[in-house]
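The structure appears right after this line, and notes come after that.
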Amino acid sequence: MSKAFVIDVARCSGCYNCQLACKDEHAENDWSPYARPQPLTGQFWCRVTDHVQGTIPKVRIHYIARMCGHCRNAKCMEVCPAGAFERRDDGLIVLLPDKCTGCGACVAACPYDAIFFNEKENIAQKCTGCAHLLDHGAKLPRCVEACPTDALRFGEEDELMDYIEGAAVLHPENAAFPRVYYRNIPGQFIAGTVYDPVEKEVVIGARCLLNSGGKRWETRTDEYGDFWFNDLPVGLFDLSIQCPGYEPKLFERLRTRECVNLGDIPLDRRAAGGEGR
């Protein structure tokens, strides 16, 4: 049986409680033989990063809590010449400070930047999964315990499969196979606001059609004239906007490497006698 973390990005409010709880548990606290004191500054074994998508006024933000992945294919274990990494029976990987020689090979090898170097102690350090607490009766690591929105879950991987199904890991191309899974990471979006430049009013109910590689999405502008296509993959898209009484508007080859804010989009009135759509 192996422990795993599951993080629901849609539930994370960016309160940083997990990051603060981790710091409170480990900074200047000696939990040998699991870990020596974490410095007050320079290290966050659990850290929250904010990810801003789009441009004003079409902006969205989400937060990613990151910690050691306790990977199945742990690069740190492969490169450590001193055998300082130990995979426990519960799957958590701990870095034993008494064995660490301070060579720094693991810091360079970790694909998730989850290992830090403590110059004062001359050792590498990282998240332990709060193994010192789990071994003395605790059910959860401090970061999970401190989450007010239940965005973080921790437990036996087999028992968390309902949450893991459909989730993703960060940077799967590294083939490290971490046991930290993320649900509901937002994809890219295309958005804009449609308006009538003559009436100086937004256009409500305009039909917005998006196409890419044979796939099709459809939505309509809301009471503010806004439309959003959310959770899109990276790729090229063609967008058409249609509304009775107006000339259609076409945007071709919109690239979603970054989120696309088309801003205010004017629709020209159709000439008298023209057919509506």
Provide a single number: the residues in region 53-73 that are among the β-branched types (Val, Ile, Thr) and more than 27 Å from residue 178 (Cα to Cα).
-> 3
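Each row is one residue, and each column tells you yes or no for (1) of a type in the set (A, V, I, L, M); (2) within 22 Å of residue 27 (Cα to Cα); (3) part of a strand (DSSP E or B).
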{"site": "53", "(1), (2), (3)": "no, no, yes"}
{"site": "59", "(1), (2), (3)": "yes, no, yes"}
{"site": "71", "(1), (2), (3)": "no, no, no"}
{"site": "82", "(1), (2), (3)": "yes, no, no"}
{"site": "102", "(1), (2), (3)": "no, yes, no"}
{"site": "107", "(1), (2), (3)": "yes, yes, no"}
{"site": "113", "(1), (2), (3)": "no, yes, no"}
{"site": "116", "(1), (2), (3)": "no, yes, yes"}
{"site": "133", "(1), (2), (3)": "yes, yes, no"}
For residues that are part of a loop (DSSP other than H, G, I, E, B) and under 26 Å from residue 171 (Cα atoms), tally how many sit in region 118-131.
-> 4
Do you know which of the residues in region 135-188 that are of a type in the set (D, E, K, R) and in a helix (DSSP H, G or I) is least open to solvent (accessible area, probe 1.4 Å)?
-> 157
Pairs, please: C-beta under 8 Å, at least 6 apart or cross-chain, first residue at positive phi and in region 249-269, second open to solvent by less than 100 Å² (accessible area, probe 1.4 Å) and of a type in the set (Val, Ile, Thr)?
-> 263/193
Considering (1) out of contact with any Phe, Trp or Tyr (no Cβ under 6 Å at 6 or more places or on another chain); (2) hydroxyl-bearing (Ser, Thr, Tyr); (3) outside any loop (DSSP other than H, G, I, E, B), say which one residue 219 fails and leave the rest.
-> (1)
Filter region 32-51 down to residues that are part of a strand (DSSP E or B) and open to solvent by less than 20 Å² (accessible area, probe 1.4 Å) and give me whichever is farthest from residue 102 (Cα to Cα).
-> 48
Given the conditions (1) surrounded by fewer than 14 Cβ atoms within 10 Å (Cβ to Cβ); (2) more than 28 Å from the chain's Cα centre (by Cα), and given that residue 242 satisfies all but one, which numbered condition is not satisfied?
-> (1)
Residue check: is residue 78 open to solvent by 80 Å² or more (accessible area, probe 1.4 Å) and free of Cβ contacts under 8 Å to residues at least 24 places away in the same chain?
-> no
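Okay, residues lined up against (1) more than 14 Å from residue 192 (Cα to Cα); (2) open to solvent by 50 Å² or more (accessible area, probe 1.4 Å); (3) out of contact with any Asp or Glu (no Cβ under 9 Å at 6 or more places or on another chain):
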position: 202; (1), (2), (3): no, yes, no
position: 205; (1), (2), (3): no, no, no
position: 220; (1), (2), (3): no, yes, yes
position: 223; (1), (2), (3): no, yes, yes
position: 265; (1), (2), (3): no, no, yes
Is at least one residue of region 8-19 out of contact with any Ser or Thr (no Cβ under 9 Å at 6 or more places or on another chain), small (Gly, Ala, Ser) and outside any loop (DSSP other than H, G, I, E, B)?
-> yes
Candidate set: region 84-100, residues that are within 26 Å of the chain's Cα centre (by Cα) and in a loop (DSSP other than H, G, I, E, B); chosen: the one nearest to residue 34 (Cα to Cα) | 92
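The values are calculated or read from the model by the stated rules, or taken from the named source; none is laboratory data. Given the structure is predicted, the values throughout are model-derived calculations rather than measurements. Quick reminder, even Gly has a Cβ in these numbers, built from the backbone with ideal geometry, and neighbours come from all protein chains shown. Remember, those area values only see protein heavy atoms, side chains included, never the ligands or the DNA or RNA. Shrake-Rupley method; radii C 1.70, N 1.55, O 1.52, S 1.80 Å.
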